[in-house]
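A short write-up of the structure that comes next.
The values are calculated or read from the model by the stated rules, or taken from the named source; none is laboratory data. From a predicted model like this one, the values you see are computed outputs, not experimental measurements. A quick note on method: Cβ atoms are made from the backbone with ideal geometry, for glycine too, and the neighbour counts reach across all protein chains shown.
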C-alpha cells in the first residue's frame, strides 16, 4: 500500500500571537495522498480549520498569524522564501463553508472568474472550461440553459456547487473544503457528498467536517484533531472501528464533541 | 402593540413624542410651501418654465428675472467638482478600509471628519486669498497668454483670467465634498463579508484583483450613494462658492470668467434686494434649489437602502 | 517558471503596483487642500490671536486694538438659542425613531430627516426670513436662532437615533420586567445610559451650526456692536469672517484668518470629543 503522497505537512505550527492554533507538541505531520479524500475531524476549536488554511497559505491574510514548519506540495515547501502565494493558491484551491458565489456576476462569469484573472479571453476556451468545470461539480444539467443568469438566483446547494465549479475551473491539483455542507440542506449535502466520490479522480481532496458520519461516508483517510494537536491519523475504516488513541475513541463514540 | 400603549402615561408620552417628532415633517412641508408662496410673485409673472429657463437676470433696468444662468452654474460647478472629487475619495476609502494599518486608518477617518466639519467660510477665505491669486498667476494667465498666441479660438472659452470665476469654484469644492463619498464608500467596503474576499484570494488573485473582483462590485451601492450625497453637498455649498466665483449675471460660458450658482446669487443679492419682485425672484430660486436638492438627496437615500439589502443577501 | 508566465504574473503584479500607487496618490490628493488651508490659517492668522481678539469688540478699519468679542459672544447666543429651539423636536424625533421602531411614520420620518440633513443651509435661512424677519420687520438674532435651529433639528434627530439604538436591548427589557411603564423606561433608563452619546450629538450639532454663515446673512445679519438682545441684529464669527474677507483692509483680513483658526479649533475639539466618546461606548 505504498500510496503516493501529494502534499504533506512537516512540524507545522500556526500561532496567533502567543496562542498556538494548531501544532502543539512539536507540530503536525500529516500526509495527504494523491487522488484520495482525507477528512479532518474534531470538536469546535480543535485546530482542524486552522490546519486546513495553512495548506493554501490563507494565513498570509491574517497579520497576527505565524506559520512555522513546512508544507510540501510534490516535495516543494510552499512556505519557502520567494514562493508566491498566488501560485500556491492556483494549485491548491479552496471551498468555504458559506457558499460564496460572487453575487453580482452571472453563473458563467463566476466559473470563468479564475480563468479570466490570468488573461484567458478566448471565448471557445472559456466555454469549454466552464462546461467542464460545471460538469465536474454536477451542476451542468441544472444551469446549462441559464449560464448568463445571475448567480444569486441559485439555491444554497447550487451555489455551493457553483463555488466548487469555480475552484475546479482553474484545474487545481488539490481541493481544500472547509465544512462545505454545514449550511446546506440534507439533499444538497447528499449531492455534494456523491460528487466527492467522482471528484477525487481528478483532484486530491482534503475536507474539514464536524460531522463524523460524513467523514466516514466520503473519506479514505481521516485525521482527528483535539485542542490544537493532531491526535491520530489513519485509513478511515481503521480509525473509526479500531482507534488507537483513547481520545479518538471518546470522540467517535460521542462522549464529547 | 395595543398592550404597550394601554398604560395612560405611555399613551400621553407617545402622543407627545409624535407631536414633537412630526416637527421634522412639518419643517420640510413648511419649507416647500413657504418657498413657493414667497416666490409666487416671480413665478406667476414669468411662469415656472419661463423663470427656470429665462436667461436674463436684470434687477435694475429691465426687471426681468430668469434663473437659467444660476441653474447652469450650479450644474456645471457641482458636477465638475463631483468628478474631480470622486477618484481621491474612492482611493481614500479603499486605502482606509483595506490597506492601511489600523492606526493610520483611524487617523484618516478623523481627518475626513475634520474636512467635512471645516466651515464653508474658512475654505472660502483660503480660496480668496491663496487659491484664486495662485491660479491666476500660475495657471490662468500663462494659459491665456499661450492661447492668445497659439490657439486664439480657445480664448473666448477661457475668459478673463482674474482668478475669481468658475475654475476656482470648481477647484475649491472637491475638498469639501470628498468626505461624503469617502465615508460611505469606506463603510460599504468594510461591510463586504470576509468570505467573499477569501473566496477571491483562494482563486489565486492579487490584492488589487480581490478588490476589483469581490469587494468593489458589492460596495457599488454605497459608493454611488456616497457620490450622490457629495453631489447634494456640492449643490448646496454657498459661502466658499460665493467668495471665489466672481458673481456674474451672465451665462457661464467661460472657464476663468465669473459665474454664479443658485445659492451664491441668493447669498449675494438677498440683502440688497429692495423690490418685492427681486426678493420674490430670489426666493423662487430657493424654491428651485429646494427641489433639486430634494431629488438628489432622495436618490442617495434610495440607493443606500438598496445597497443594504444587497449586502444582506450576500451574507 | 513557465507556470508564472502562464498565470501572467508579471503583468498582473505590474497592474497591482500601479493601482496601489494610484490609491496612495489619490489619498494624498484628497487631504492636500485641508493641509494647505490649515497651514495658511496658522501663518496668516496666528499673529492676530491675542487677548484683545477675545476681549475687545470690533473697531473701524485703521484703528488698532480691535477684536471679535462681539462675534464670539453673538455666536454663542444665536447658536445657543437655536439649540434650545431644536432640542425638543430633534430629540423627540430621535427617540421616536429609536424606541418605537414599528411606528408607521418612521420610514418617512427617517427619509425626510436624512434628506433635510443634506439640504443647503441657506434654505433654512430663507424659511426663517419668511417666518420671523418679515413679521418682525427687521433682522434679529432670534431669526438667526430659528434658522440655525431648523438646521439642527434633522442633525439632532439622526444623532439621537443613532446613539439610542446602541443602548443594549437588555436595559429596556430589565426595566419593563420590573413593571415600569414604557415612558419611564425611556426617560429614566435609556436616556441616562446614552447620556454621553447624546451630549456628543448636541455638541456636534452646536459646532456645525456655529460655522454656518449662509443662513444668517439675512436673519441675524451681523453687527459691529456687542449685542445681547436677541431681538436686534447680532454678529457671529462666520458672518464677521465673511465680511472681513471681502473687505479691502489688511488688518481685517488678518483677523478673518484668526477667526478661521478659532472656528477650526472648535470643530477639531468637538470632532475629537466625538471620537473619544464613541470609543468609550
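Determine, yes or no, whether residue A:134 is closer than 17 Å to residue A:115 by Cβ, touching a helix residue (DSSP H, G or I) at 6+ places or on another chain (Cβ under 9 Å), part of a loop (DSSP other than H, G, I, E, B) and in contact (Cβ under 8 Å) with a residue 12 or more places away in the chain. Criteria not met by residue A:134. One residue alone among B:290, B:298, B:256 is within 9 Å of chain C (Cβ to nearest Cβ) and touching a residue at least 60 places away in the same chain (Cβ under 8 Å), and that residue is B:290.
Criterion applied to C:269, C:241 was being in a helix (DSSP H, G or I), out of contact with any strand residue (DSSP E or B) (no Cβ under 6 Å at 6 or more places or on another chain) and at the interface with chain B (Cβ under 10 Å from one of its Cβ atoms), and the one residue passing it is C:241.
May I ask you to verify whether residue A:179 is surrounded by fewer than 22 Cβ atoms within 10 Å (Cβ to Cβ) and touching a residue at least 40 places away in the same chain (Cβ under 8 Å)? Can you show your working first?
Values: surrounded by fewer than 22 Cβ atoms within 10 Å (Cβ to Cβ): yes; touching a residue at least 40 places away in the same chain (Cβ under 8 Å): yes.
The answer is yes for residue A:179.
So, in region B:24-70, how many residues would count as being assigned to a strand (DSSP E or B) and either within 15 Å of residue C:126 (Cβ to Cβ) or in contact (Cβ under 8 Å) with a residue 24 or more places away in the chain (or both)? Residues flagged as assigned to a strand (DSSP E or B) and either within 15 Å of residue C:126 (Cβ to Cβ) or in contact (Cβ under 8 Å) with a residue 24 or more places away in the chain (or both) within region B:24-70 amount to 3. Looking at this structure, is residue C:195 surrounded by fewer than 19 Cβ atoms within 10 Å (Cβ to Cβ), more than 17 Å from the chain's Cα centre (by Cα) and within 11 Å of another protein chain (Cβ to nearest Cβ)? In short, no.
Evaluate the following for residue A:143: is it closer than 27 Å to residue C:10 by Cβ and either free of Cβ contacts under 8 Å to residues at least 24 places away in the same chain or touching a helix residue (DSSP H, G or I) at 6+ places or on another chain (Cβ under 7 Å) (or both)?
Working: closer than 27 Å to residue C:10 by Cβ: no; either free of Cβ contacts under 8 Å to residues at least 24 places away in the same chain or touching a helix residue (DSSP H, G or I) at 6+ places or on another chain (Cβ under 7 Å) (or both): yes.
No; evaluated as a whole, the condition is false for this residue.
Among the conditions (1) within 14 Å of chain B (Cβ to nearest Cβ); (2) modelled with pLDDT of 90 or more; (3) on the phi < 0 side of the Ramachandran plot; (4) in a loop (DSSP other than H, G, I, E, B), the only one that residue A:183 does not satisfy is (2). Might you let me know whether region C:60-78 holds any residue that is within 12 Å of another protein chain (Cβ to nearest Cβ), over 23 Å from residue C:238 (Cβ atoms), within 22 Å of the chain's Cα centre (by Cα) and surrounded by 13 or more Cβ atoms within 10 Å (Cβ to Cβ)? Looking for residues that are within 12 Å of another protein chain (Cβ to nearest Cβ), over 23 Å from residue C:238 (Cβ atoms), within 22 Å of the chain's Cα centre (by Cα) and surrounded by 13 or more Cβ atoms within 10 Å (Cβ to Cβ), one finds none in region C:60-78, hence no. Given the structure, is residue A:101 at pLDDT 90 or above and either surrounded by fewer than 21 Cβ atoms within 10 Å (Cβ to Cβ) or over 30 Å from residue A:152 (Cβ atoms) (or both)? For residue A:101, the condition - at pLDDT 90 or above and either surrounded by fewer than 21 Cβ atoms within 10 Å (Cβ to Cβ) or over 30 Å from residue A:152 (Cβ atoms) (or both) - is not met.
From the list C:256, C:220, C:213, C:209, the one residue that fits, being free of Cβ contacts under 8 Å to residues at least 40 places away in the same chain, surrounded by 24 or more Cβ atoms within 10 Å (Cβ to Cβ), closer than 22 Å to residue C:73 by Cα and under 21 Å from the mean Cα position of the chain (by Cα), is C:213. Taking helices (runs of 4 or more DSSP H) as the structural unit, those lying wholly within region B:147-209 and holding at least 1 residues that are within 30 Å of residue B:255 (Cβ to Cβ) correspond to B:155-158, B:166-191.
Yes/no matrix, rows are residues, columns are (1) buried (at least 23 other Cβ atoms within 10 Å of the Cβ); (2) under 24 Å from residue A:225 (Cβ atoms):
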{"residue": "A:5", "(1), (2)": "no, yes"}
{"residue": "A:27", "(1), (2)": "no, yes"}
{"residue": "A:32", "(1), (2)": "yes, yes"}
{"residue": "A:62", "(1), (2)": "no, yes"}
{"residue": "A:69", "(1), (2)": "no, yes"}
{"residue": "A:81", "(1), (2)": "no, no"}
{"residue": "A:87", "(1), (2)": "no, no"}
{"residue": "A:94", "(1), (2)": "yes, yes"}
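Taking the criterion of being outside any strand (DSSP E or B), more than 12 Å from chain B (Cβ to nearest Cβ) and either in contact (Cβ under 8 Å) with a residue 60 or more places away in the chain or within 16 Å of the chain's Cα centre (by Cα) (or both), the residues of region A:50-100 that qualify are A:50, A:51, A:54, A:74.
Can you confirm whether residue C:156 is assigned by TED's automatic domain parsing to the domain that holds residue C:213, modelled with pLDDT of 90 or more and either touching a strand residue (DSSP E or B) at 6+ places or on another chain (Cβ under 6 Å) or under 30 Å from residue C:220 (Cα atoms) (or both)? Working first, answer last.
Details: assigned by TED's automatic domain parsing to the domain that holds residue C:213: yes; modelled with pLDDT of 90 or more: yes; either touching a strand residue (DSSP E or B) at 6+ places or on another chain (Cβ under 6 Å) or under 30 Å from residue C:220 (Cα atoms) (or both): yes.
It is true that residue C:156 is assigned by TED's automatic domain parsing to the domain that holds residue C:213, modelled with pLDDT of 90 or more and either touching a strand residue (DSSP E or B) at 6+ places or on another chain (Cβ under 6 Å) or under 30 Å from residue C:220 (Cα atoms) (or both).
If you check residue C:26 against the conditions, is it surrounded by fewer than 12 Cβ atoms within 10 Å (Cβ to Cβ) and either assigned to a loop (DSSP other than H, G, I, E, B) or within 7 Å of another protein chain (Cβ to nearest Cβ) (or both)? Criteria not met by residue C:26.
Picking from B:189, B:177, which residue would you name as being surrounded by 24 or more Cβ atoms within 10 Å (Cβ to Cβ) and at pLDDT 90 or above?
On the way: B:189 fails: surrounded by 24 or more Cβ atoms within 10 Å (Cβ to Cβ).
After applying the criteria, what remains is B:177.
Do we find a residue being crowded, with 20+ Cβ neighbours inside 10 Å, away from chain C (no Cβ under 14 Å) and in a helix (DSSP H, G or I) anywhere in region A:197-211? Yes, because at least one residue in region A:197-211 is crowded, with 20+ Cβ neighbours inside 10 Å, away from chain C (no Cβ under 14 Å) and in a helix (DSSP H, G or I).
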